[in-house]
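Heads up: the structure comes next, in structure tokens.
Values quoted throughout were computed directly from the atomic coordinates according to the rules given, and no laboratory measurement underlies them. As the structure is a prediction and not an experimental result, all values here were calculated from the model. Please note: Cβ atoms are built from the backbone with ideal geometry, for glycine as well, and neighbour counts cover all protein chains shown.
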Amino acid sequence: MKLPGEIRYIDFHTHSQGGGGDTVAVRNLMAGDEVPSDFPANTLFSAGIHPWQLTDDNLENLQTELLLTAAHPHVVMIGEAGFDRLRGAQGEVQYRAFLFQANIAGEMGKPVVIHCVRGWDELRRAHREVKPGRPWIIHGFRGSGSLAASLAEEGFWFSLGAKGLTTEVLQSVYHEKLLLETDESGQSIAEVYRLFEAAAGYDEQRAESLVRNNFKLLLNFNL
Ligand SMILES: [Zn+2]
């Protein structure tokens with residue numbers, strides 16, 4: 001995908017319609033959702049089996065649904081997928097669902113958007129097992145600086161929203177493997193950029209070109 005000069009913002013993960021104008025938005029679809037027939041310009045999609053959707057017996061259906069959605073040319077990433085110790089199916093089912101998605105992402109050459117709540121051991125185990133060729137991006141990260149640092153060392157990318165933009169985390173991750181998002185916050189992505197600039201000590205232009213380049217790098221592998 002070419003990013004025209006007028007693009008200022010990339011909203012890496014959102015559940016609402018955010019594209020158009022000066023913003024590229026990656027809207028998240030859950031398995032079973034279809035790519036809408038009509039959507040604003042500069043909208044891309046991720047599609048995945050969210051751990052909250054999973055029960056102990058719907059995995060096979062969701063896998064079939066996901067394969068249909070993921071084949072759409074505007075679906076550029078697989079996810080959000082991952083581990084949630086507080087909600088969703090039991091751990092073993094979550095792990096199977098995740099590996100399925102990591103493997104199709106690998107076959108399709110797409111990055112994976114990760115949802116992870118207290119499931120870091122499982123995520124690391126999957127990462128060691130799959131050894132992905134394309135980045136896995138932990139979205140909505142809100143953990144400590146030391147957790148961020150160890151995950152960054154292992155090769156993970158991060159997508160941060162307003163609540164994750166702490167100085168501690170920004171000192172612990174690689175800024176060339178960093179993206180910004182609104183998720184379900186209802187905030188504008190411009191606001192999230194302003195918080196990032198304040199926390200990282202960047203001016204507008206530097207922040208915008210950094211994230212734009214990271215996003216291009218992430219997806220250009222695909223073209
Ligand atoms: Zn989300």
Quiz prompt | Residue order, fewest to most surrounding Cβ atoms within 10 angstrom, among Ser209, Ser37, Ser159 | solution = Ser37, Ser209, Ser159
Exercise. Could you line up Glu80, Glu197, Glu107, Glu204 from fewest to most neighbouring Cβ atoms inside 10 Å?
Key: Glu107, Glu204, Glu197, Glu80
Self-check item: Column: log10 I(q)/I(0), Debye, Cα scatterers of the range 9-220, q = 0.18 Å⁻¹
Solution: -1.33
Quiz prompt | the range 37-56 versus the range 68-120: alpha-carbon centroid distance in Å | solution = 11 Å
Quiz item: Under the classification rounded if a/c is under 1.5, otherwise prolate if a/b is larger than b/c and oblate if not, where does the range 183-223 fall, given a ≥ b ≥ c as square roots of the Cα gyration tensor eigenvalues?
Solution: oblate
Quiz item: With θ set to phi - 60° and the Karplus curve 6.51 cos²θ - 1.76 cosθ + 1.60, what are the ³J(HN,Hα) couplings of the range 52-65 in order, to the nearest whole Hz, using x for Gly and Pro?
Solution: 5, 7, 6, 10, 6, 9, 10, 4, 4, 4, 5, 5, 4, 4
Practice problem: Run through the DSSP bridge list for the range 1-81 and note the antiparallel percent, rounded to the nearest 5. | Solution: 5 percent
Quiz prompt | Dipole magnitude of the range 9-220, debye to nearest 20 (Cβ charges: Lys/Arg +1, Asp/Glu -1, about Cα centre) | solution = 500 debye
Quiz item: How long, wide and thick is the range 137-207, going by the Cα atoms along their three principal axes, in whole angstroms, largest first?
Solution: 30, 26, 16
Practice problem: Would you calculate a helix-derived [θ] at 222 nm for the chain, using -39,500 (n - 2.57) for each DSSP H run of n ≥ 4 and dividing by the full residue count, to the nearest 500? | Solution: -11500 deg cm²/dmol
Quiz item: How many nm separate the modelled label positions at Glu107 and Leu217, each set 7 Å beyond the Cα in the direction of the Cβ?
Solution: 3.0 nm
Self-check item: In sequence order, calculated HN-Hα J values of the range 122-129 (Karplus, 6.51, -1.76, 1.60; Hz; x Gly/Pro)
Solution: 5, 4, 5, 4, 5, 5, 5, 6
Self-check item: Separation of the Thr166 and Ser16 label points, Cα + 7 Å toward Cβ, nm
Solution: 2.6 nm
